[in-house]
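Working notes, structure below.
The values are calculated or read from the model by the stated rules, or taken from the named source; none is laboratory data. All of these numbers come straight from a predicted model, not from anything done at the bench. Note that we place each Cβ from the backbone using ideal geometry, even for glycine, and neighbour counts take in every protein chain shown. Quick note on the areas: whole protein, heavy atoms, side chains included, nothing else; ligands and nucleic acids left out. Shrake-Rupley method; radii C 1.70, N 1.55, O 1.52, S 1.80 Å.
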Amino acid sequence: MPIARLFATAERPPTEVLFFFDSEDFISNEGNDPVRDMAKLFAEEGIKGQFAIVGHQARQWISWGRQDILEALKPHLRMNHTLMHSVHPNQLELSDLEDFDEAYDRMLAREAESIGMVKAATGVDRVWGSVPPGNSDSYVAYYVYARLGLPFYCGACFAEETPGEDVWFCNLRQVPYGLSWEE
């Protein structure tokens with residue numbers, strides 16, 4: 001039985017926790033063991049995790065035969081963490097164009113590919129959102145992810161205007177990312 005349930009009472013229900021975990025190592029096979037281990041640990045403790053997965057990493061898990069990771073992720077939410085994380089051209093570089101339509105088309109192609117890889121590798125019909133690497137928000141990304149049907153985006157664009165609050169923008173729930181505990 002998960003430890004949180006052992007101490008729950010009618011007056012004090014168990015604490016509900018959602019853990020966010022960025023998963024981005026598509027170079028080292030062994031470096032992905034913590035993804036499996038954290039997913040298993042959270043499931044054993046009754047904690048639903050949110051794993052933001054780099055598209056290329058999902059493809060690597062298949063080529064490495066990492067069914068152990070894919071199996072461990074089943075009880076958790078799977079999200080997109082861009083196609084290649086910070087490999088150039090990154091999300092900001094793709095969208096740093098004067099022509100919005102051209103930037104949109106470039107990013108749409110890459111992120112549709114990434115989401116397709118995450119879906120195919122992890123066996124889900126829906127990827128629940130996207131998390132940019134670090135503070136690499138791109139205004140074009142909001143429109144791309146909304147078009148791709150993602151309901152959730154974890155970024156920093158609105159963090160200064162709405163500290164600690166979620167924002168609904170571009171048909172996506174925007175959750176601030178990278179805030180300090182002091183805010």
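Which of (1) in contact with a strand residue (DSSP E or B) (Cβ under 8 Å, 6 or more places away or on another chain); (2) over 24 Å from residue 174 (Cα atoms) does residue 120 not meet, given it meets every other one? It fails just one condition, (1). When you scan the range 47-79, how many residues do you find that are open to solvent by less than 20 Å² (accessible area, probe 1.4 Å) and among the aromatic types (Phe, Trp, Tyr)? Residues in the range 47-79 being open to solvent by less than 20 Å² (accessible area, probe 1.4 Å) and among the aromatic types (Phe, Trp, Tyr): 2 in total. Scanning the range 84-108 for residues that are small (Gly, Ala, Ser) and in a helix (DSSP H, G or I) yields 95, 103.
Here residue 99 fulfils each of the conditions (1) surrounded by 13 or more Cβ atoms within 10 Å (Cβ to Cβ); (2) at pLDDT 90 or above apart from (1).
Among the residues of the range 42-68, those identified as modelled with pLDDT of 95 or more and over 27 Å from residue 107 (Cβ atoms) are 64, 65, 66, 67, 68.
Count of the range 20-39 residues, restricted to those that are hydrophobic (A, V, I, L, M, F, W, C), open to solvent by 70 Å² or more (accessible area, probe 1.4 Å) and outside any loop (DSSP other than H, G, I, E, B), is 1.
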